[in-house]
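The values are calculated or read from the model by the stated rules, or taken from the named source; none is laboratory data. All of these numbers come straight from a predicted model, not from anything done at the bench. Positions of Cβ are generated from backbone atoms using ideal geometry, with glycine treated the same way; all protein chains shown enter the neighbour counts. All accessible areas refer to the heavy atoms of the entire protein, side chains included, with ligands and DNA or RNA removed. Shrake-Rupley method; radii C 1.70, N 1.55, O 1.52, S 1.80 Å.
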Amino acid sequence: MPVIVIHQPKPPTGAPDATPQEIAQICRLPNVHAYIMGLEYRTEALAAALLPDTCELWGCNGSLCAASGLLGATGACCFFAIWAAPLIRRIVQLAMDGEHSLARAEQSKLYAADYLGMTLGTPALKAGLQLLGYSSMRPRKPQLPVVGEKLNELMEAMVQAGVLQESPKL
C-alpha cells in the first residue's frame, strides 16, 4: 500500500515539529510514495533536497504551486485541485520546465478563489463544485452554505481563475 506523508507543522512562529532530516528519514521508509510539504517554505526547501529519489515531492496549497515546482515538486495535493486540476498541473509543469514568468502568470489567476476557498472551508468547496455543475450535498452542520455576496465573490474569483467561463445564473 503506498504511503503519502503529509507535513502539517505548528504555525510558522514556532519551531517545526520535524526537522528536514527527520522528514527525509521518514520518507525513506518502505512504501512511501510521496511527501506533501507544509507551508513553512524554509524547512520544506531543505527537506526537498534530502528526499530519496523514490519519494515524489508534492505541493500543499493551490497558491503555492509555482513555488513548490521551483523546489522540485512534481504535483500537488490541494483544495484548489478539486476545482481545477488541469490548472494546477499546468502551473507545476511550467515551474518545473523553468517557465517562471508563465508559471507566475497562471498562478496569479487563482489567488482570489484559493483564498476564498481556504477561508470559507468546506462550504466553499461544495459551492464551487455546484457552480461547476456538480451536484453536491450541503455542508454538514454547524457549517452553513456559501450564499449571497460571498457566493458572488466566489463566482467572480472562479471566473478570474479561468475555472468558470462566466458567472452562472443561480
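Structure values in brief
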| quantity | calculated |
| --- | --- |
| Near pairs, Cβ below 7 angstrom, 6+ apart or cross-chain, from the range 70-91 (over 14 Å from residue 162 (Cα atoms) and open to solvent by 20 Å² or more (accessible area, probe 1.4 Å)) to any residue that is in a loop (DSSP other than H, G, I, E, B) and at pLDDT 85 or above | 77/60 |
| Subset of the range 21-48 that is free of Cβ contacts under 8 Å to residues at least 12 places away in the same chain and more than 18 Å from the chain's Cα centre (by Cα) - its residue that is surrounded by the fewest Cβ atoms within 10 Å (Cβ to Cβ) | 30 |
| Residues within the range 130-154 that are within 21 Å of residue 84 (Cα to Cα) and not aliphatic (A, V, I, L, M), tallied | 11 |
| Scope the range 119-163; condition of a type in the set (A, V, I, L, M), open to solvent by 30 Å² or more (accessible area, probe 1.4 Å), touching a Lys or Arg at 6+ places or on another chain (Cβ under 9 Å) and outside any loop (DSSP other than H, G, I, E, B); matching residues | 120 |
| Residue in the range 100-109 that is part of a helix (DSSP H, G or I), over 16 Å from the mean Cα position of the chain (by Cα), touching a residue at least 12 places away in the same chain (Cβ under 8 Å) and more than 18 Å from residue 39 (Cα to Cα) present | yes |
| Count of the range 25-69 residues which are charged (D, E, K, R) and at pLDDT below 90 | 2 |
| Conditions (1) under 30 Å from residue 150 (Cβ atoms); (2) touching a strand residue (DSSP E or B) at 6+ places or on another chain (Cβ under 7 Å); (3) aliphatic (A, V, I, L, M): number failed by residue 39 | (2) |
| Pairs with Cβ under 8 Å, 6+ apart, first in the range 1-17 and open to solvent by 90 Å² or more (accessible area, probe 1.4 Å) and of a type outside the set (Asp, Glu), second modelled with pLDDT under 75 and outside any strand (DSSP E or B) | 10/16 |
| Breaking point among (1) outside any helix (DSSP H, G or I); (2) in contact with a Leu (Cβ under 9 Å, 6 or more places away or on another chain); (3) within 26 Å of residue 126 (Cβ to Cβ), for residue 83 | (1) |
